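Structure first, then comments.
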Amino acid sequence: MASRQGNAELPLTGRIGTGTLAVQVNCQGEGTLDVTVTGVALLFPLDCVKGEVSSAYNEVHLKKARGEGTVRITAPAGVRWAVTVER
């Protein structure tokens, strides 16, 4: 995915099935980026550093299928970020 800035809501199309749901986030800039995945109760912060690329990888193992979900990114205006979701 191309990098973005600011806040975003990215829908996960289709149902979220059983198995692993993985979220990889990279950011650059100064501030804290918050990631929330609705439908699976996954949330985590990532401290972003000016002049460096910071990364976080989180995964959850789902025993039952879920409906559609959304990845919400909350980031300060000066933070550039990219997210990848695998299911």
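One line per residue, one yes/no per condition, for (1) more than 17 Å from N7 (Cα to Cα); (2) touching a Leu at 6+ places or on another chain (Cβ under 6 Å); (3) surrounded by 13 or more Cβ atoms within 10 Å (Cβ to Cβ):
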| position | (1), (2), (3) |
| --- | --- |
| C27 | no, yes, yes |
| G31 | no, no, yes |
| A41 | yes, no, no |
| C48 | no, yes, yes |
| R72 | no, no, yes |
| R80 | no, no, yes |
| T84 | no, no, no |
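Take segment 34-87 and flag every residue that is over 15 Å from E9 (Cβ atoms) and of a type in the set (K, R). If the condition is that a residue be over 15 Å from E9 (Cβ atoms) and of a type in the set (K, R), then K50, K63, K64, R66, R80, R87 are the ones that fit. Inclusion of E52 among residues that are touching a residue at least 12 places away in the same chain (Cβ under 8 Å), acidic (D, E) and outside any strand (DSSP E or B) is warranted.
Taking residues in segment 4-17 that are at positive phi and touching a residue at least 24 places away in the same chain (Cβ under 8 Å), and partners anywhere that are assigned to a loop (DSSP other than H, G, I, E, B) and surrounded by 14 or more Cβ atoms within 10 Å (Cβ to Cβ), the pairs with Cβ atoms closer than 7 Å and at least 6 places apart or on different chains are G6/A75. Being of a type in the set (S, T, Y) and under 13 Å from the mean Cα position of the chain (by Cα) is the filter here; which residues of segment 1-23 pass it? Answer for segment 1-23, where residues must be of a type in the set (S, T, Y) and under 13 Å from the mean Cα position of the chain (by Cα): just S3. Of the candidates E68, E52, the single residue that is among the charged types (D, E, K, R), surrounded by fewer than 13 Cβ atoms within 10 Å (Cβ to Cβ) and modelled with pLDDT of 95 or more is E52.
The values are calculated or read from the model by the stated rules, or taken from the named source; none is laboratory data. Small disclaimer: the values here were computed from a predicted structure and weren't measured. Reconstructed Cβ throughout: ideal geometry from the backbone, glycine too, with neighbour counts over all protein chains shown.
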